[in-house]
Structure formats: structure tokens, C-alpha cells
Amino acid sequence: MSGAAIPAGRPLAPARGVARTTVTARPVGDERAPRPALVIELPLFAALAALGMAQWARLVSPSSAGDVAAALGVICVAAVLSWALWFVPGRRLTMFLALGLALAAGLGALLVAGLPLNLLAPARWGQLHDRIQEGIGGIEQTQLPYSGTDLWVRLALVLGAPALVALAGTLAFWPVKRSRAGVRAVALGLLLTAYGVGATLDNPGAEAFWGIVLLVLSVAWLWAPGLASGRRAPAVAVAVAAGVLSLPLVARLNGPAWWDYQSWSWFGAQPTVTFQWDHDYGPLDWPRDGTTLMTVDTTRPLYWKASVLDRFDGYRWQRAATGDPAASAELRARGAIPGSRLEQLHPGWVTDATFEVRALSSDLVIGAGITDAVEGVQGTLESPDGTLTAAGEPLARGDKYSIISYVPQPTTDQLRRAPAPRSTRRFGGSTLLGIPGPAAETDSGTPRLATSMPLWGTSDAQTTSLLLASPYADTYRLALDWTAGARTPYDAVRAIEGHLRRDFGYTPSVPEHLYPLQAFLFSDRAGYCQQFAGTMGLMLRMLGIPARVVSGFAPGSLDDVSGNYEVHDFDAHSWVEVYFRGIGWVTFDPTPNAAPAESQRLGGDFATAFRGPAPNPTGQQATGGDPGQPGKTSEPAVTAPAAGGSAWPVVEIVIGTLALALAGLIAVVSWRRRRRLLEGVAVEDQIDELRAALGRLGWRLGPGTTLLGIERRATGVARVGIRRYVAALRAHRYAPGSAPPPGPAERRALRRALSGGGPLSRLRALVSVPPGGPARS
């Protein structure tokens, strides 16, 4: 039998009486479909997943590409292990292992992407839920890519992709019964959703290019595993051609929207949204549905003022009402502070804006700073504090008007050099506080005494004693402690603002308290913009710094198409204005970055908290300085990159992920082949592999060539490896007994014998006889 011919193109049957190891058939009753084609499906899955996860990675700056790539690596490893479950006998055991693997893959991907491990303990699930909710709230109006420091906003912008892709990987390689087409289609839908959400949040640009890439990968994912190997390349070519031919149609459709989904409603006109601007400090009940309230055409993003809350009644901030005897001092203070000639001193701080009302209904006309002129609204009543009231009909959908306002945007140096107010007659009305007496702790109806705090740099023992005897004694002591090193009012402002932003959390769920601001500081230590702005205004007035709270809207989000700012319902916001002599009322915002309103979006062109010095429109030289740390030189303001950006980071992530997936795939395939080799079930494949390898070297092997004939032709020292390999094949295949087939050591010797001398010969030998074992014939 040793001289039997090697049939070309098909494996030899075993000789009579010779034992042979075979692959055990799948148990009866196991109705699973053929296992996934890992060589095809894993690279396609990795490419689709990498495209989607790369979109999420670029939503933060600096990019989280490293964390996202690690998460994708974990998911790909889990996918390979899911594929290995097809070899596990027993349906129940397979499903149990698959569920455990899916859970491990999801958690592992989230952990390597940045989720803190300690929050996965069951006792901290509530805290995890709250933090994720805060992060999602911060996303709603965050300028992307997000370059802030809030951990949970960054995690909310990154963790969504690993969660979706982990679920997609579980479905794509799940050992299902019967057909896999349905779960594979759902997995593709999840992968496309991951890409679509990331691209919608921040357009990566080159839409047509990425669309064709997604089309080709999607077609390959759906059809390639079921096509014969010779038909896969034509199918992909057809998909590419279809994508290219569709480009002219895409260009024609890329115009104005056919349907304005933002203003459309099933039941007629979209309902209008109204706001109550006074503070109440209860659980946040403002509408936060994403409704567009108005658009603003302006070259300078600003805080849009609705109402000035100039009265602290001992419990909350509100607007002093005309005719209220208890608010007479606040009403007189509105016109007492000088400022009529400030716009002449700083003409560069005069700005204009045009508003178009969408879904807002308001008796107050939205403006900015101190408004000098309004055009387009009939009968506007202008208050010296900048609040505008519509004397006629309230603002409604379709109204359009323009304003000219004085909005100070000073540098750090200008604010620090501004002289402290000295005239109690002029500025004392802006340090008024309603101070409850000691008995008010049990009786909220106790009358409050409106007291003007001594101005910064002065003292009054009687007023200080009154404050220390009130329920706000601890708040006063804390304000003194926070500003102990402040040399100027500006330093004190930034110190208080910095403590509030760094040391307190954001949450829309706040319990009711008799003294809400006191409870915010010493028990809750978390709140929303009303608590932060109200507390800062209260502390500043306690220190004798003219301050007031303002309600209105954050700047909104820039529409790249129209160039206008869109202001939504979740942009409703509160902040603080502080008066500086020779400058006017300057905006400060103590609310942390996690606030839903886009109050943290502005770059260095807006002089408020933690935004750095603004350009100096008066032409004076500014030296700068860290507002929160007196005496330190400030760093230049960092401006977030514009939306869109280069597509190369995405390409790099895709290439890197594909390389990792390919390396893992090679390792898995090599392991499988090696296992078959050691089990002795790959002999026929080894014979076919040997014929092909020798043919590449120029050996002419006809249909009648036998193993013994090959062995006799392999003469000389250089061909010892070929001769021994063939002899081992012949002994296992035809000799009596159970001689083992050639193993990994014999394959390495065969490869060396085939390699000859030179790099190309060694590469050809490596391709002809790859590590691990032969491919299936």
C-alpha cells in the first residue's frame, strides 16, 4: 500500500484495517444552525463596531480612543469565546455559559472604557443611576467635542457605544437554534445605531464616504457568510458600485429639510412653554423635552436675561414686586447704581441680537445685559436692571424682534483693578438681605428684617451680630472662610464661585427645606442652578459685594446651517450678576458642568467663571491672572475644537481595531488547526497541503504520484525535512499499527526544507505550510 497513488483533488480513504480518528457528530436533538464563519464574521463585526465606537470616542477632547479600543478588544475576545460555545455539547450548558459570557463582556467593556468598579456593588447602584442621569443631563446641551472636566459627562459620552456594541456582539455570535439570520440582522441594527447616534451628536464630516463604507460592510455582513467564496468579491463590488452611483442623488437631496420635525405636531400647533422665574428650590419641574423656544441671530453668544431677582426675603430669591411695601428698598435700588455712561466708556461691549420666538410664551421680553433699545415689540417697559416687560400681548410664536444691549466682557485685570463700592446710598440697595430672626426656625411666617450689609472693606458690629444670631450664621461664617485670602471683591467672587463649582454636585432632585440655601450648603450638598446661583448671591451680599440673581436662558446651541443659536427648554437657567465700578453688572455662573443648560459651553471670549479672560475691547493692556487663585498667572483660555474635524482619527481607530481583530483571528485559527493536527483528523488535508506546497516549488506531481515516489525524489541533505514528513504521513496512513501523523515539529522541519534561501522563499514556505496546521480541503 505504500506505493498507492495520491488522488489529486480529493482525500484518500483509509486503508482497510487501519484505525482513524474522526470528528464526533453533533448530538441528536441539537438543532443549532451551522456555527458562524469566524474568519469572515469577526473582521466584519470588528470593522462595523470600530466605526461606531470611533464616533463616540471623538465626542470628548482629548479623545477616548484608547479606552474605546480596549473595550472593543474585550468585546471581540468575548465574540471568539461565544463562537467557541458552538463546540460545547448540551443545550442548557451552552445557554448558561452564553449568558455569563454576555454579562462579562458588557461589564468588562464598560470597565475598561472608564466606569468606576466600586459603583458596581449592589449597595451603590442607586448612586450609579444618579451619576449616569447627571451625565446624560449634561450631554443634552454640551458643546461637542466635550473638553470639560466633569467625569460623568465624559463617561455618558463614551459608555453608550461599548454597551450597544457588547449587546450586538452577544447577538451576532449567540449559539441560537435554527436560523441565525434574525439575530444577525438585529446585531447589525445595533451596530448601525451606535454609529448613527455618535454621528448625530457630532457630525464627523465626509458623510458620503462613510456612508459607502457602512453600505459595503453591511452588505458583506448580511450576505458574505452565505455566499460561495467565489461570489463574495463580486457582491462587495456591486455594493461599492451602488454606493458610488448614488452620490449624485445624495448631493441633490442634501438641501433644505422636507419636514421640520421640531415644529411639527400630530394635533395641530405645538404647545407653547411658559416659565415662572422666581426661585422655589423644590424638585426641578421645568420642562426639559428639548423643545426649541427661540432662535437668536447674534455674533456673540450671551446669557439671555428674562428677569432680575433682586430681593432675598430670608428664604428665597424673587423679583421685587411693584406695590409691595416690604420691597420698597429693593425697588429704589434699581435705579440708584450709576451706569448710564458705561457704554460710552466701553463701546466694544455694546452688542445686538435678533430673536425669533418659536414655542415660548412670555410676558417678559428676553434680552441681555442692560438693554438700550428694543425694536419689533410694541409697548416694552424697560427696567434699569435690564428686565423687559411686554406692555401689550405676551411674546408668542412667530414674533421677531431685535435688541441693542450693553453687556460687559472685561478682562481679569480690569475686574481686579475695579475700585470697591464705597457709597452706601448708591450701592447699599444691592446688598440688602431679608434676615429671619431666631424664632423663624419654627415659624416660616415670622416677619423678616431687610438689612443692608456693610460694603466690602467696611464693618458694622450691629449688622454682623444680627446675622450671626440668625439661621444663616453658618452660611456667613463659611463665606468668610472661603474668602479669607481675597484682596479684592473680584477675588472674593471667584473664590466663592470656585468652591461651589468644585465641592458641590448637580442634581435635579432636591428635597423641600425651610431654609433651602442653608440646607444646600450643609446637608444636601447638591442641587441645580437655583441653589448654586441663590447661594452665591446670598454669600456675596453678606460680604457687602453688590450682587443679584438672574433667571433666563443659557446661550443655546449653534446651528451650523443657519448660523443662529437655538435656545431650548432645557437651557432655562439661573446665574449671578456682580457690580464692578466703571464696568457694570458682570455675569458669573457657579453651576457645575453637569447642568443641562449649556452654561459651560463658552470659550475664552466670555468673561465669566472658569472661562478665562475675554478680549479687551477698550484696547487697554491686560496682564491676566487666575481668577480663582489670586497672584497666579492664568493659562490661555482653551477653546473646544469645532464640530466635525478630521476623519483620520476614525480611520486610525478602525485600522488599529482591525489589526487586533486579525491577530486574534489568526491565533484562534492556528489553535483550531493545531488541535485537529494533534487529534490525527487532518491527514487528508496534510496531503493536499503538501501537493500544493511542492507544486509552488515547481514539482510536477501527476495523478499517479505516490507518497513513496515523493519520498524517493526528496534526496539530499536540504530535503531531509520533506523526506521525513512524507515518511510520517505514509506510515500513519498505510502502515499497520497506530503510527502518529506528522506533528508541529515535523511541520517546522518541512517549512525549513521548503524555504530555501532568501526572504521571498521563506515567506512562500510560511504561506504554504502555515503554523498550527493545514486548512480544510
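Observations
- Considering residues of region 390-400 that are surrounded by 16 or more Cβ atoms within 10 Å (Cβ to Cβ) and more than 36 Å from the chain's Cα centre (by Cα) only, the residue nearest to LEU331 (Cα to Cα): ALA390
- Among residues of region 465-491 that are farther than 17 Å from MET536 by Cα, those with a beta-carbon under 8 Å from a residue that is open to solvent by less than 70 Å² (accessible area, probe 1.4 Å) and acidic (Asp, Glu) at least six positions away or on a different chain give the pairs GLY485/ASP491.
- Enumeration of residues in region 466-499 that are open to solvent by 60 Å² or more (accessible area, probe 1.4 Å) and within 22 Å of PHE427 (Cβ to Cβ): LEU466, LEU480, ARG487
- Unmet requirement for SER551, which otherwise passes all of (1) of a type outside the set (D, E, K, R); (2) open to solvent by 10 Å² or more (accessible area, probe 1.4 Å); (3) modelled with pLDDT under 95: (2)
- Just one residue in the set ILE653, ILE710, ILE687 is modelled with pLDDT of 70 or more, assigned to a helix (DSSP H, G or I), buried (at least 17 other Cβ atoms within 10 Å of the Cβ) and in contact with a helix residue (DSSP H, G or I) (Cβ under 6 Å, 6 or more places away or on another chain); that residue is ILE710.
- Just one residue in the set ARG548, ARG525, ARG501, ARG541 is of a type in the set (Lys, Arg), free of Cβ contacts under 8 Å to residues at least 60 places away in the same chain and within 26 Å of LEU478 (Cα to Cα); that residue is ARG525.
- Residues (under 15 Å from GLY367 (Cβ atoms) and either outside any loop (DSSP other than H, G, I, E, B) or among the small types (Gly, Ala, Ser) (or both)) located in region 392-439: LEU395, LYS400, TYR401, SER402, ILE403, ILE404, SER405, TYR406
- Search result, residues across region 293-323 that are touching a residue at least 60 places away in the same chain (Cβ under 8 Å), part of a strand (DSSP E or B) and open to solvent by 10 Å² or more (accessible area, probe 1.4 Å): THR295, ASP297, ARG311
- Members of region 749-777 that are open to solvent by 40 Å² or more (accessible area, probe 1.4 Å), out of contact with any Leu (no Cβ under 7 Å at 6 or more places or on another chain) and either in contact (Cβ under 8 Å) with a residue 24 or more places away in the chain or small (Gly, Ala, Ser) (or both): ARG752, GLY756, GLY757, ARG764, PRO771, ALA775, ARG776, SER777
- Extreme residue, farthest from VAL153 (Cα to Cα), among residues of region 105-129 that are outside any helix (DSSP H, G or I) and of a type in the set (A, V, I, L, M): ALA121
- When region 504-522 is filtered for residues that are modelled with pLDDT of 90 or more and either acidic (Asp, Glu) or outside any loop (DSSP other than H, G, I, E, B) (or both), the ones remaining, listed by number, are PRO516, LEU517, GLN518, ALA519, PHE520, LEU521, PHE522.
- Any hit, region 87-96, residues being under 28 Å from TYR195 (Cβ atoms) and in a helix (DSSP H, G or I): no
- Within region 54-70, residues that are open to solvent by 50 Å² or more (accessible area, probe 1.4 Å) reach partners that are among the small types (Gly, Ala, Ser) with beta carbons closer than 6 Å, at six or more positions or on different chains, in the pairs SER63/ALA57; ASP67/ALA113; ASP67/GLY114.
The values are calculated or read from the model by the stated rules, or taken from the named source; none is laboratory data. Because the structure is a prediction, the values reported are computed rather than measured. Note that we place each Cβ from the backbone using ideal geometry, even for glycine, and neighbour counts take in every protein chain shown. Just so you know, the surface numbers come from the protein's heavy atoms only, side chains and all, with ligands and any DNA or RNA stripped out. Shrake-Rupley method; radii C 1.70, N 1.55, O 1.52, S 1.80 Å.
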